[in-house]
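A quick write-up on the structure given underneath.
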Amino acid sequence: MELAWYALLGLFFAVYLVLGGYDYGVGLLLARDTDPARRRAALNAVGPFFLGNEVWLVAAVGILFGAFPVLEGELLSGFYPAVLGASTGVVLVTAGVQLRSRPAGQRARSRWDRIVVVGSALAALGWGAVLAGLLQGVPLRADGHVAGVTHLFTPFVAAAALAVVALVALHGATFLTLRLPAADAAPVGRLAARLVPVALTTVGAATVVGLLSADVRAAAQQPLAAVLLLSLLVTALLTARAALARRRPGLAFAATCAALALPVALVGATIWPYALVSTVDPGASLTVADAAASTPTLRLLGWLTLPLLPALLGFQAMCWWVFRGRTDGRAPVYW
């Protein structure tokens, strides 16, 4: 039962990264465009989705609190800077998108646009640091508590967080190739094609830094799973590049969706059967079974969660159906 809840937690967070990822990717791309009309078009493209996308984060946090209370406590304390940065970014993006049209004047809108850019960067960096910190291992003491937060300030965490930023920016660009009018989507598609090598480079750099890190090597309990999932990540990015070259934005978007979901699977599978791997005392590592709540609690949560997943999936499907196609009302060629 603990494995099922662990997989469900990973699923909810991966879906959040995929859906919220294009929100933050579009936000990051605002930094390169000074034209107010193009900025507004990009935000209009993502506008109908971004609040619904964040529901998956709320659901993932609910599962973490209810099904893994021990893990939740150590994550909030041992990863406090990363979680705070990511949460602040989520709030800034939400506020910026909602409030940019309230004040009169282009100068005020530009300030809110900059807030959206900063929030998007914080969110991507923060969640990337959380995933990297889990994969690297934490200074978990024998008393069951993480000692400090210095483990977040390492070359591997920095490299992996930057890789997530690159993946998010690419994901946002491929999303816009689906949503913007065809004339505006063409230059964004070319930008997305240029971002694929950047994403591959950052993923490769993070991999090299990880291989050079003794902590990362020691924390990898299932190295074959890490190699397999990393290979799938590279394959997804190459598929996105080929699809963009052939003007198949739907396939490219599906590939970047996989590229953002795979890091979550990579972390969960690589450190299994642990939820937290200790870098100071291997015997203190926290297993998934020890991190989980009691069996009666998990059963009760199961009855409460059972209707949640189809409801969320139904809401997401309805939202995509209602706002399908490009913002000019034309349907893109998906495949």
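The values are calculated or read from the model by the stated rules, or taken from the named source; none is laboratory data. All values reported here derive from a predicted model rather than from experimental measurement. With ideal geometry, Cβ positions are generated from the backbone for all residues, glycine too; neighbour counts draw on all protein chains shown. To get the accessible areas, we keep the full protein, side chains included, count just its heavy atoms, and leave off ligands, DNA and RNA. Shrake-Rupley method; radii C 1.70, N 1.55, O 1.52, S 1.80 Å.
Miscellaneous remarks
- Mean residue ellipticity (222 nm) of the chain, computed from DSSP H runs ≥ 4 via -39,500 (n - 2.57), nearest 500: -26000 deg cm²/dmol
- Using 0.36 nm per residue and subtracting the Cα-Cα separation, the extra length available between ASP35 and ARG246 on full extension is 73.2 nm.
- Using the Cα coordinates of the chain, the gyration tensor eigenvalues translate into equivalent-ellipsoid semi-axes of 34, 22, 20 Å, sorted from longest to shortest.
- Degrees between helix 223-245 axis and first principal axis of the chain (Cα, 0 to 90, nearest 10): 0
- GNM remark for the chain: springs join alpha carbons under 10 Å apart, and the peak mean-square fluctuation among VAL18, VAL157, VAL70 falls on VAL70.
- Angle between the chain longest axis and helix 155-179 axis [Cα atoms, degrees, rounded to 10]: 30
- Between ALA186 and LEU313, residue separation times 0.36 nm minus the direct Cα-Cα distance comes to 42.7 nm.
- Residues with amide H under 5 Å from that of LEU276, placed H, sequence gap 5 or more: LEU286
- Label-point gap, in nm, between THR94 and LEU224 - each point 7 angstrom along Cα→Cβ: 4.3
- Of the solvent-accessible surface of the chain, computed with a 1.4 Å probe over protein heavy atoms with every protein chain present, carbon and sulfur atoms account for 69 percent.
- Rounded to the nearest 10 degrees, the angle from helix 249-271 to the longest Cα principal axis of the chain is 10 degrees.
- Probe 1.4 Å, accessible area per residue of the chain, Å²: 45
- Choice from PRO223, PRO155, PRO307 with maximal GNM fluctuation in the chain (Cα, 10 Å cutoff): PRO307
- Peptides 47-54, 211-218 ordered by packing proxy, namely the average of other Cβ atoms within 10 Å per residue, highest first: 47-54, 211-218.
- Segment 179-208 and segment 17-88 have Cα centres separated by 20 Å.
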